Amino acid sequence: MEIDEQFLSNDFNVEHYVGKLLEENGSIPEQLTILGSNSVALDRHLKEQISAHYDQLLSQAGNIESLEEVLSILNQHIKGLKLSSSRTCDKVCELFKKTELRTMQLGRLHKTCSLLRNVIRILQLYGRLTNNNDGKAVNFGNDLAKNAQIIQELYDLSAQDTELKNLRLVQNELSRSKNFLQEILTCARQTLKQGAKQQHQAKVSSALQAFHNLRCLKQQMDGYGRELVNECSQILKFLDQSQQIVGKDDQNVRRDALSQPGSSTLNRHTQSSITIRTNLWNDLNRYVDFLQSICTQINVISLVASKKRDSTAHQLFDQLLSDCDIKEGKNFDRDSFYVKLFEKIVDQSKFSFDNANFLAKQTLESEYPRLLRYMEVVFAKLEGLKSTIPDGESKLRAIFELFETNYLSKSLARLFDSINIDDNNYNGIHSSSLSLDSKFQKRENVSSTPNLLGKSEIDSILRTINDEMDVCKFDRHLYEQARKNVAKTLKLFCVKCEQSLHIDEDARQIISSMTPVQKRNVEIANGLNYLYNGFQILWEQDSYLKQDIHLIESLSEMRSLMKSVVNMLTNAIQDALVSIIATMHQENFAIPQNVAQQCSLYVKEMQNFCNRVFRNYLNYYECKDLVREENAALARKVVDLFLIHTSLVRPINENGKLRMISDFVQVELALNPFFGYGSSESSSDMSFSSSFKHFKTAKSLFSAESLENVLDLGDAVESNDDRTIIPGVSISYSLLIHFIISISPPELPSPYVTAGWTLTKYVDQSMPLGENKMYCNDNADHDDVHWYASRSSELERLYFLKGTLENYARSVQDAGAISYASLYPRFYVYLRDLGCIGLGHTCNGASRSGPRAHLYFTATVTAAVTNQISA
């Protein structure tokens, strides 16, 4: 049966439903019929349900009656429980009221007892403070830490219990305890100051313990630091007050001048300035004493704080300070308090000095070394406080950094002024002792060199350098800066000299007499030498100068400049000697037996040239040691060049050998001054030169009998002058081979002929040396000078000689000859024994000749030398 769901909804409204039916369908009878049919159907449905479930409905009805009986019984029980709970509640309330009353009584008893105990404790503590003096003044100094603990306890008792203030019995004691707190703080501060100044560790420890007992250790130590900073500020007020004094003195001077017409005010100004400067240094002395006191106080406090422990917690005072910082959220290290205290004092000092008046700054800048002398004692104390105040000295020096910079600038200006005496007309350095003009004007009309620094001016430079360094020697840091200024001064002197130096052709000529340009260069070198030697005296007296890198560099530049001046002359001399030696090959050394022996023309020319050079040029240089070094180097080069030229002279017979020996003797005499120039020792000391030993050995080669036997023996050969020729020791292998080739038959050509070069090209020019490149006929031009001298490696020289032998073997093969020169196989064996050719092979003219021998020799030489070069 379907019934409209609207009748089952919770918000069903009859009026609304009827209105809706009338609006949709206006037939009321029809709607009533429908509703009536529905009602009949619903009633019928209910009856069907009741009849279907009749037994169940009867059972439920019986259960309802049983439930009503149970509910009635429960209702009676609940009423009984309510009566019981009411009686129990009355009993509990009665007991609660009794307990509450007793609790209140007990609390009041406890409060009364606590108040009485606090009163008794206050009376006892106050009695200890007064020491039974009947109310007289309390002496806190007897036991400062204990009294501080008592006062702090009194303060805590009064702060905890406010009712104590209303008790007349302890009202007087509590009021006086507040005064005691301020008094003991003042006493503890005074004790700390006295103990720190007097270095009394017991007093300092007592004061720190008192501060800790009063629970204000960190605050009081910070306050102590602020007092020191304020004291520093008060002491440094003189830096500002002196300007006011100057102003007042100027007013007084002007007033006196008006009242006394015609009187001079200059002396009064001078006296006023002197008085102010004297007062300034006196005040600075007070400031230094204050810094010493600060160092002493910090030292004592740090020692006590790092060793002494709190009497209650048994912790170090440093640890207690760190705990205070940790509670404040700060990171603390052991030395932070002392470092910060010192930094605050340094910052205050720097601020005061940076803002000082003009007169104070001028005085401190001009007399900065004196200021450092005042600070020496403070630096020494800070040296002992390195563990407590790291970098204390550098921090303290930072206060006077501006003064130091200005002082060093003025010092450098004084040093430069000693050089820039007449900068507008400066053209060089003049050595008054040389009197070059007077010596040369006799032979030529030369104008004197204008406006040159004399020895007196250079002495003034040395005196200025010595004075500037002497003033600063007491302080390591300032002395180091002063040495830098001296190094800059020496460099400036070098720059001035270098600007005045001439390097044109007139400065290099050695044909005629010395030109004015050369005279000026000599004077420059002598002036440099005079300053160099004068500074060397200071150098030897002070070990710090020898360790200064800047001075070493400046002296090196000075010596290099002197060397460059001398080198202009020695290079020209070397070129001239090279040209003279090259004329050796124009001489005839195939001399008949009936011709008298005498030295060659080129030797006479060399002797005259050397004597003239020494007489007209080298004698005027005062830097004897440097000239001797350069001359020795020049002589070694000339000897080496002379030896290679003599080893290439061909043809030469026995009579020519005798002339060559005579030439050796005369060349030795000509070059002897170069080795011993300016030396007080004997000129025979030239024999210690390796080049000269080779020279002596080479001379002996011309007197040796059967010199070619060395190729067979590979051992020493005795000459006619009893000199032993040791190949590789007394003479190089390559030079010995050159000498042997020169005395060999013409069939074995010289190396430069085999290579297709001229003699000049072989001696004075070079070819690039490749790893596997064989020397053959090559007419290409090369610009590198001194081929033989530039090949310092003996292996390279032997490699080239091997190449010439190969070219010789190739030329023999091309000519269709059936044998080589008689010495050719010996050269092969000799080179093999020297390591240029592989061991284990033999070759001689009888067994191997012709093209087959040439091919075998070439292949062997190429492979062996290539391996040797690669290794």
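Quick one: which helices (runs of 4 or more DSSP H) lie wholly within region 676-757 and hold at least 1 residues that are aliphatic (A, V, I, L, M), farther than 30 Å from N611 by Cα and at pLDDT 80 or above?
Numbers: elements: 690-701, 710-713, 733-742, 751-754.
Because the criterion is at least 1 residues that are aliphatic (A, V, I, L, M), farther than 30 Å from N611 by Cα and at pLDDT 80 or above, the helices (runs of 4 or more DSSP H) in region 676-757 that meet it are 733-742, 751-754.
Looking for something free of Cβ contacts under 8 Å to residues at least 40 places away in the same chain, more than 60 Å from the chain's Cα centre (by Cα), closer than 19 Å to N147 by Cα and not in a helix (DSSP H, G or I) - is there at least one such residue anywhere in region 113-125?
If we filter region 113-125 for residues that are free of Cβ contacts under 8 Å to residues at least 40 places away in the same chain, which is where we start, we get 113, 116-117, 120-121, 124-125.
So of that shortlist, the ones also more than 60 Å from the chain's Cα centre (by Cα) come out as 113, 116-117, 120-121, 124-125.
Retained after the next criterion (residues that are closer than 19 Å to N147 by Cα): 120-121, 124-125.
In the following step, the residues that additionally are not in a helix (DSSP H, G or I) were identified as none.
Looking for residues that are free of Cβ contacts under 8 Å to residues at least 40 places away in the same chain, more than 60 Å from the chain's Cα centre (by Cα), closer than 19 Å to N147 by Cα and not in a helix (DSSP H, G or I), one finds none in region 113-125, hence no.
Contact map, region 332-344: first residue farther than 16 Å from T296 by Cβ, second residue at pLDDT 80 or above and among the charged types (D, E, K, R), Cβ cut-off under 8 Å, separation 6 or more or different chains; pairs are E343/K395.
Considered as a group, the residues in region 629-639 that are surrounded by 19 or more Cβ atoms within 10 Å (Cβ to Cβ) and of a type in the set (D, E, K, R) include one that is farthest from S734 (Cα to Cα), and that residue is E630.
Per the conditions (1) out of contact with any strand residue (DSSP E or B) (no Cβ under 8 Å at 6 or more places or on another chain); (2) surrounded by 16 or more Cβ atoms within 10 Å (Cβ to Cβ); (3) of a type outside the set (V, I, T), the sole criterion not satisfied by F589 is (1).
Among the conditions (1) outside any loop (DSSP other than H, G, I, E, B); (2) surrounded by 10 or more Cβ atoms within 10 Å (Cβ to Cβ), the only one that P29 does not satisfy is (2). Here is the figure for region 595-627: residues that are surrounded by fewer than 19 Cβ atoms within 10 Å (Cβ to Cβ), assigned to a helix (DSSP H, G or I) and not aliphatic (A, V, I, L, M) total 13.
The values are calculated or read from the model by the stated rules, or taken from the named source; none is laboratory data. Quick caveat, the model's predicted, so the values are computed rather than measured. Backbone-built Cβ (ideal geometry, glycine too); neighbour counts: all protein chains shown.
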